Amino acid sequence: MDLYSWLEADVSEIIFEVQEAPEGGYTARALGHAIFTEADTYEDLREMARDAVRTHFDDDDPERPLAIRLHLVRDELITA
């Protein structure tokens with residue numbers, strides 16, 4: 001992949017790191033952008049992420065992503 005293709009691919013997608021909130025629900029933080037959102041359900045989080053991206057980027061912003069990736073991070077502690 002050449003540099004131009006890599007840059008083009010990079011701006012077409014934004015990645016959110018999603019975690020389950022200790023008090024319930026989910027939180028999502030965009031990687032590389034100052035965007036944060038939260039919701040009670042995963043379905044609601046999808047809509048909140050869309051809304052947050054639309055609010056953060058202007059319609060004519062060339063960096064506005066075409067896709068949103070939600071990356072769920074889940075920690076689990078088990079006994080050995």
How many residues does segment 11-47 hold that are surrounded by fewer than 16 Cβ atoms within 10 Å (Cβ to Cβ) and in a loop (DSSP other than H, G, I, E, B)?
11
Cβ pairs under 7 Å, 6+ apart, first in segment 32-47 and free of Cβ contacts under 8 Å to residues at least 24 places away in the same chain, second open to solvent by 60 Å² or more (accessible area, probe 1.4 Å) and of a type in the set (Asp, Glu):
none
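Mind listing whichever residues of segment 52-68 are assigned to a helix (DSSP H, G or I) and within 11 Å of the chain's Cα centre (by Cα)?
Scanning segment 52-68 gives ALA52, VAL53.
The values are calculated or read from the model by the stated rules, or taken from the named source; none is laboratory data. Treat the numbers as computed from the prediction; the structure is a model and nothing was measured. Cβ atoms come from the backbone with ideal geometry, glycine included; neighbour counts cover every protein chain shown. Calculation scope for accessible area: heavy atoms of the full protein, side chains included, ligands and nucleic acids excluded. Shrake-Rupley method; radii C 1.70, N 1.55, O 1.52, S 1.80 Å.
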